[in-house]
Amino acid sequence: KNEVEQSPQNLTAQEGEFITINCSYSVGISALHWLQQHPGGGIVSLFMLSSGKKKHGRLIATINIQEKHSSLHITASHPRDSAVYICAVTGGGADGLTFGKGTHLIIQP
Amino acid sequence: NAGVMQNPRHLVRRRGQEARLRCSPMKGHSHVYWYRQLPEEGLKFMVYLQKENIIDESGMPKERFSAEFPKEGPSILRIQQVVRGDSAAYFCASSPQGWYEQFFGPGTRLTVL
């Protein structure tokens with residue numbers, strides 16, 4: 001069974017700062033997902049990646065398959081980025097998503 | 001193109017009653033996943049369904065919980081004889097292919113009194 005660890009658990013930063021959230025997992029995967037959960041509870045899929053790097057706006061996600069590690073970066077952070085960021089992995093096939101506990105991010109103006 | 005729809009958004013049940021949670025996937029998506037988020041805990045996978053088939057139910061509690069995704073209509077997560085410990089947010093997600101990028105619904109908040 002895959003163990004997914006995220007760090008930090010909580011992060012408070014000032015508007016404009018560069019943010020990094022880390023995710024590591026214990027067993028080889030077929031894909032890794034980054035999700036964003038807003039204070040109201042809704043969940044948005046940010047990225048799904050199996051290798052390399054993806055970028056969408058101010059968000060960048062990278063994955064190192066050999067190291068079993070992924071990072072989510074937010075450039076020029078804004079208070080609206082305040083949310084819980086969740087890492088999840090899947091081995092593919094008939095295999096459920098395994099989630100990290102999430103990183104609570106607060107961006108102060 | 002409407003997103004994933006779940007209803008009801010909030011559901012209150014007394015202990016021993018049945019809860020039925022509905023999920024309509026995005027148009028063109030035939031894969032549905034159910035997840036549960038207990039208070040102050042992370043998300044947990046429950047079940048993965050395709051039309052008329054349960055693909056993976058390894059996360060489902062052995063008793064009282066069942067799920068279906070019929071040929072027509074929404075996917076249903078059914079909880080019989082609810083207990084207080086079933087109080088949680090239940091999220092549904094859908095994808096066009098198995099374990100592809102998933103799109104989440106707004107969730108159903110179940111409260112058991």
Review point. Among the listed residues A:GLY92, A:GLY16, A:GLY28, which satisfies the condition of being modelled with pLDDT of 95 or more, outside any strand (DSSP E or B) and farther than 27 Å from B:ARG9 by Cα?
Key: A:GLY16
Review point. With A:LEU105, A:LEU11 as the choices, which residue is open to solvent by 20 Å² or more (accessible area, probe 1.4 Å), in contact with a Leu (Cβ under 6 Å, 6 or more places away or on another chain) and more than 14 Å from chain B (Cβ to nearest Cβ)?
Key: A:LEU11
Point to revise | Leading residue by the ranking (farthest from B:LEU11 (Cα to Cα)) among those in region B:76-97 that are within 14 Å of another protein chain (Cβ to nearest Cβ) and open to solvent by 40 Å² or more (accessible area, probe 1.4 Å) | key: B:GLN97
Study note, to complete from the structure: Residues of region B:29-59 being open to solvent by 70 Å² or more (accessible area, probe 1.4 Å) and either in a loop (DSSP other than H, G, I, E, B) or of a type in the set (Ser, Thr, Tyr) (or both), in sequence order, are B:PRO39, B:GLU40, B:GLU41, B:LYS51, B:GLU52, B:GLU57, B:SER58
Review point. Restricting the search to region B:69-113, which residues are part of a loop (DSSP other than H, G, I, E, B) and among the acidic types (Asp, Glu)?
Key: B:GLU72, B:GLU101
Review point. Looking at A:GLY16, A:GLY28, A:GLY41, which one is more than 14 Å from chain B (Cβ to nearest Cβ), on the phi > 0 side of the Ramachandran plot and more than 15 Å from the chain's Cα centre (by Cα)?
Key: A:GLY16
Revision key, fill the gap. Considering region A:74-102, residues that are more than 14 Å from chain B (Cβ to nearest Cβ) and open to solvent by less than 10 Å² (accessible area, probe 1.4 Å), and then whichever is nearest to the chain's Cα centre (by Cα), we arrive at A:ILE74
Check your understanding: Does B:GLY3 qualify as being within 12 Å of another protein chain (Cβ to nearest Cβ), modelled with pLDDT under 95 and surrounded by fewer than 16 Cβ atoms within 10 Å (Cβ to Cβ)?
Key -> yes
Check your understanding: Just to be sure, is B:ARG9 at pLDDT 95 or above, closer than 19 Å to A:GLN37 by Cα and surrounded by fewer than 18 Cβ atoms within 10 Å (Cβ to Cβ)?
Key -> yes
Check your understanding: Of all residues in region A:62-75, which are closer than 18 Å to A:ALA13 by Cβ and of a type in the set (Gly, Ala, Ser)?
Key -> A:SER71
Review point. Given the structure, is A:THR103 at pLDDT 95 or above and in contact with a His (Cβ under 9 Å, 6 or more places away or on another chain)?
Key: no
Point to revise | Test: residue in region B:22-35 that is closer than 22 Å to A:PHE99 by Cα, over 13 Å from the mean Cα position of the chain (by Cα) and either more than 12 Å from chain A (Cβ to nearest Cβ) or without any contact (Cβ under 8 Å) to a residue 24 or more places away in the chain (or both) | key: no
Point to revise | Residue match in region A:64-73 (condition: within 14 Å of another protein chain (Cβ to nearest Cβ), open to solvent by 20 Å² or more (accessible area, probe 1.4 Å) and of a type outside the set (Lys, Arg)) | key: no
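The values are calculated or read from the model by the stated rules, or taken from the named source; none is laboratory data. Every value quoted in this text rests on a predicted model; they were computed, and no experiment measured them. Using ideal geometry, Cβ is built from the backbone for each residue, glycine included, and neighbour counts are taken over all protein chains shown. We work out accessible area using only protein heavy atoms, side chains counted, and drop any ligands, DNA or RNA first. Shrake-Rupley method; radii C 1.70, N 1.55, O 1.52, S 1.80 Å.
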